[in-house]
Amino acid sequence: MAENILEISGLQGGYGEIQVLWGVDLAVEAGEMVCLIGSNGAGKTTLLKTISGLVPATSGSIVTDAGNLAGKSPEEVLRAGVAHVPEGRRLFRTMSVRDNLMMGAYLRPQNDPQVKRDLERVMTMFPRLAERARQDAGTLSGGEQQMCAIGRGIMSDPKLLMIDELSLGLAPQAVDMLGEALVDINRGGVAILLIEQDVMTALDLAHRAYILDRGRITLSGPSSEIANAPAVREAYIGVT
Ligand SMILES: Nc1ncnc2c1ncn2[C@@H]1O[C@H](COP(=O)(O)OP(=O)(O)OP(=O)(O)O)[C@@H](O)[C@H]1O
Ligand SMILES: [Mg+2]
């Protein structure tokens, strides 16, 4: 059996009185790219935030090879090898692109030669970032900001990279380019958990998919099966 990089069982959580997650079960295996599909307000962002320790889990477990992450701080989760590229990218706009990327490596020893190699790898993966390394991140286009946010995630040397809304507000060429980058990152050995509102793009990139509906997983399977499931085609792809 393949090794699970992430195994979530019975996860519940939300914001104080407002419960959003109602017992989520989800796994990401080593080498996999998995996408999470669901309509607005289904709880996709909340799930990523709960994994990251930004929103408290009230019940259930989030297991990686570093143990159960439920109840851990965002820093401990990052240290356990789980990086989160948040919705809206959240760069430091008045800091340079290079410094934003290096922020991703803040928990690693700064004199670690591997950090320098990873920075070079990100710059090679995204030549636009290399050209703009000294520019303030706030001057980047939306697509370049997403490259920078993904690059920052890579700089933590994660085992699992979680991305909330890859394509939101971006031009189609930028989305294609970022999708190819994710495939490369994934083939390089980093598992990926992807939230992507364009369901066809998500299913095209990911090996497997989960459907989240009002805080519950209602369907999961290989992307090809999910793409052909009548309920998915009606509700999320807009064809009947
Ligand atoms: N900070 C918050 N405080 C209270 N409720 C919140 C908060 N953030 C989100 N919610 C609620 O939690 C539910 C799930 O929201 P969430 O953002 O996780 O959904 P989503 O699936 O990511 O949606 P979208 O596709 O719009 O990004 C929604 O009902 C939302 O109103
Ligand atoms: Mg969201």
Which number in (1) surrounded by fewer than 15 Cβ atoms within 10 Å (Cβ to Cβ); (2) within 16 Å of ligand 1 (Cβ to nearest atom) marks the one condition that Gly67 misses?
(2)
Mind checking whether some residue in the stretch 26-39 is near ligand 1 (Cβ under 9 Å from one of its atoms), within 22 Å of Val199 (Cβ to Cβ) and not in a strand (DSSP E or B)?
yes
Enumeration of residues in the stretch 25-53 that are in contact (Cβ under 8 Å) with a residue 60 or more places away in the chain, closer than 11 Å to Leu6 by Cβ and away from ligand 2 (no atom under 16 Å from the Cβ)
Val28, Glu29, Ala30, Glu32, Val34
Considering the stretch 73-102, residues that are of a type in the set (A, V, I, L, M) and closer than 26 Å to Val28 by Cα, and then whichever is nearest to ligand 1 (Cβ to nearest atom), we arrive at Val85
Restricting attention to the stretch 176-183, does a residue exist that is of a type in the set (D, E, K, R), closer than 23 Å to Thr64 by Cβ and without any contact (Cβ under 8 Å) to a residue 60 or more places away in the chain?
no
Filter result for Ile217 (within 12 Å of ligand 1 (Cβ to nearest atom), surrounded by 15 or more Cβ atoms within 10 Å (Cβ to Cβ) and either of a type in the set (Gly, Ala, Ser) or closer than 11 Å to Leu36 by Cα (or both))
no
Is it true that Arg93 is within 16 Å of ligand 2 (Cβ to nearest atom) and within 28 Å of Leu170 (Cβ to Cβ)?
no
For the structure I just gave you, tell me whether Gly23 is more than 25 Å from Val232 (Cα to Cα) and in a strand (DSSP E or B).
no
Among the residues of the stretch 53-74, which ones are at positive phi and assigned to a loop (DSSP other than H, G, I, E, B)?
Gly53, Gly71
Any chance you could count how many residues in the stretch 187-202 are surrounded by fewer than 19 Cβ atoms within 10 Å (Cβ to Cβ), of a type outside the set (A, V, I, L, M) and assigned to a helix (DSSP H, G or I)?
1
Which residue out of Met162, Met155 is within 16 Å of ligand 1 (Cβ to nearest atom) and of a type in the set (A, V, I, L, M)?
Met162
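Every read-out reported here was derived from the displayed coordinates using simple, explicitly stated rules and does not represent laboratory data. Here the structure is a predicted model, which means the values were calculated and not measured. Cβ sites come from the backbone with ideal geometry, for glycine too, and all protein chains shown count toward neighbours.
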